[in-house]
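Quick one: this structure, given as structure tokens, is what I'll be asking you about.
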Amino acid sequence: MKHNLLQVLAEMKDGYVSGQQLSERLGVSRTAVWKHMENLRKEGYVIEAVPRKGYLLKERPETLSEAEIKAGLSTQSIGQTTVYQPTVTSTQTLAKEAYREGTPHGTAAVASEQTGGRGRMERLWESPEQTSLSVSIVVKPDISLREAPQLTLVAAVAVAEALQHTTELPVQIKWPNDIYINNRKISGILTEMQAEADKMQMMIVGIGLNINQKQTHFLDDLREKATSLYVESGKEWSRVQILQALFISFEKWYDIWIENGFEDIREAWEKYAALYKRPVKAVQGNKTIVGHMMGINREGVLQLKDENGNVHSIYSGDLE
Ligand code: BTN
């Protein structure tokens, strides 16, 4: 149906096609035509609807492809091998498969849509076709298992910097690794690893970005909490441009981490940190710790000072 609808719209070139004509050509009701139009809009098609004239296809969404992602990409390793699929269950799985087949450090698994996107703490991650970006990067760091959680903070700094530099929007990191703009979440990061005995084999950094969703595209419970670059800036963004900026920034911060250790990452992370030096609540399951956010320590562990002056190390959970 989608294909047929797009074909009729495209045939009209500069002209409008009425709801009635569409319903006759496609053999469905006018309400069904309208619903399909709404779905196409959610995917990034710009369709004008004018009373008594009908529908006009004005813009198609940008297509992603391996060739476009790699064109002019100035990194050494990150993204230089890219596996792209329009729709996957999760790019984490695609990246794991590539790793098993011996893919090099820096390989990126990219999808336009995920049907089973995963978030932290077994939450779901919405990644609608055309308007979102899902990427999982395979890295093979020679680090101890103790240092592994730092990579998520490296990725958070990289995402924050890429978005800030490209869009000039006020980007913040909410501990541990959510990326926020104007108090709403725009990106989430999920890091998974594979180790044998005490030796790190590989890590997969999964990054989900809301790019061109309109506010109404977020499901009810997300509408107040989530945002996209489109919502914040009022304009559409090229996913290829954002992805390339992300690869460049990720490579920069990853190399700094591997070569110089965590200190530079800690400083950059605190520069972007939401709630820095502010009163917060750290929620870990049914345990809550209230205190002032002191930042992260040399290992990347969140430090909260309670009202008695005791400093608590927080390893996991959410911050409110
Ligand atoms: C979170 O905020 O809880 C983390 C969300 C991580 C989502 C990304 S999208 C790319 C990769 N594939 C997944 O299934 N999850 C991560």
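Only one residue in Glu62, Glu126 is over 27 Å from Pro176 (Cβ atoms) and crowded, with 16+ Cβ neighbours inside 10 Å, so which one is that?
Numbers: Glu126 fails: over 27 Å from Pro176 (Cβ atoms).
Result: Glu62 is the single residue among Glu62, Glu126 that is over 27 Å from Pro176 (Cβ atoms) and crowded, with 16+ Cβ neighbours inside 10 Å.
Quick check on this structure: which one of Glu122, Glu101, Glu59, Glu68 is away from the ligand (no atom under 14 Å from the Cβ), closer than 29 Å to Leu222 by Cα and out of contact with any Ser or Thr (no Cβ under 8 Å at 6 or more places or on another chain)?
Values: Glu122 fails: away from the ligand (no atom under 14 Å from the Cβ); Glu101 fails: closer than 29 Å to Leu222 by Cα; Glu68 fails: closer than 29 Å to Leu222 by Cα.
Of the residues listed, the single one that is away from the ligand (no atom under 14 Å from the Cβ), closer than 29 Å to Leu222 by Cα and out of contact with any Ser or Thr (no Cβ under 8 Å at 6 or more places or on another chain) is Glu59.
Also, I was wondering about something else. Hey, can you tell me all the residues within the stretch 146-184 that are under 30 Å from Glu196 (Cα atoms) and either within 14 Å of the chain's Cα centre (by Cα) or of a type in the set (Ser, Thr, Tyr) (or both)?
Within the stretch 146-184, Thr152, Ala155, Ala156, Val157, Ala158, Val159, Asn177, Asp178 meet the criteria.
Can Asn308 be described as more than 29 Å from the chain's Cα centre (by Cα), exposed (fewer than 14 other Cβ atoms within 10 Å of the Cβ) and free of Cβ contacts under 8 Å to residues at least 40 places away in the same chain?
yes
Since Ala226 meets every condition but one in (1) within 16 Å of the ligand (Cβ to nearest atom); (2) buried (at least 23 other Cβ atoms within 10 Å of the Cβ), which condition does it not meet?
(2)
Which of the strands (runs of 3 or more DSSP E) contained wholly in the stretch 239-320 include at least 2 residues that are more than 30 Å from Asp142 (Cβ to Cβ) and of a type in the set (A, V, I, L, M, F, W, C)?
Here the list reads 279-284, 287-296.
Does Ser112 fit the bill of being within 27 Å of Phe262 (Cα to Cα), under 12 Å from the mean Cα position of the chain (by Cα) and either within 9 Å of the ligand (Cβ to nearest atom) or part of a strand (DSSP E or B) (or both)?
When the stated conditions are applied, Ser112 does not pass them.
If you go through the stretch 175-183 one residue at a time, do you hit one that is within 14 Å of the ligand (Cβ to nearest atom), hydrophobic (A, V, I, L, M, F, W, C) and assigned to a strand (DSSP E or B)? First the steps, then the outcome.
Filtering the stretch 175-183 for residues within 14 Å of the ligand (Cβ to nearest atom) gives 175-180.
If we keep only those that are hydrophobic (A, V, I, L, M, F, W, C) as well, we get 175, 179.
Retained after the next criterion (residues that are assigned to a strand (DSSP E or B)): 179.
Checked the stretch 175-183: at least one residue is within 14 Å of the ligand (Cβ to nearest atom), hydrophobic (A, V, I, L, M, F, W, C) and assigned to a strand (DSSP E or B).
For the stretch 185-223, give me each residue that is within 16 Å of the ligand (Cβ to nearest atom) and of a type in the set (Gly, Ala, Ser).
Ser187, Gly188, Gly206, Gly208
Among the residues of the stretch 125-154, write down those that are near the ligand (Cβ under 10 Å from one of its atoms) and of a type in the set (Gly, Ala, Ser).
Ser127, Ser132, Ser134, Ser136
Then there is this: Give just the number: which of (1) modelled with pLDDT of 95 or more; (2) in a loop (DSSP other than H, G, I, E, B); (3) of a type outside the set (Lys, Arg) does Tyr230 not satisfy?
Status for Tyr230: all satisfied but (2).
Here is a follow-up. If you check Leu57, Leu6, which single one turns out to be touching a residue at least 24 places away in the same chain (Cβ under 8 Å) and in a helix (DSSP H, G or I)?
Residue meeting the stated conditions: Leu6.
Give me the pairs, please: first residue somewhere in the stretch 79-107 and at positive phi and assigned to a loop (DSSP other than H, G, I, E, B), second residue anywhere and within 13 Å of the ligand (Cβ to nearest atom) and not aromatic (Phe, Trp, Tyr), beta-carbon distance under 8 Å, and either six or more positions apart or on two chains.
Cβ pairs passing all conditions: Gly79/Ala108; Gly79/Ile137; Gly79/Leu243; Gly106/Ile137; Gly106/Val138.
The values are calculated or read from the model by the stated rules, or taken from the named source; none is laboratory data. Please read all numbers here as calculations on a predicted model, not as lab measurements. A quick note on method: Cβ atoms are made from the backbone with ideal geometry, for glycine too, and the neighbour counts reach across all protein chains shown.
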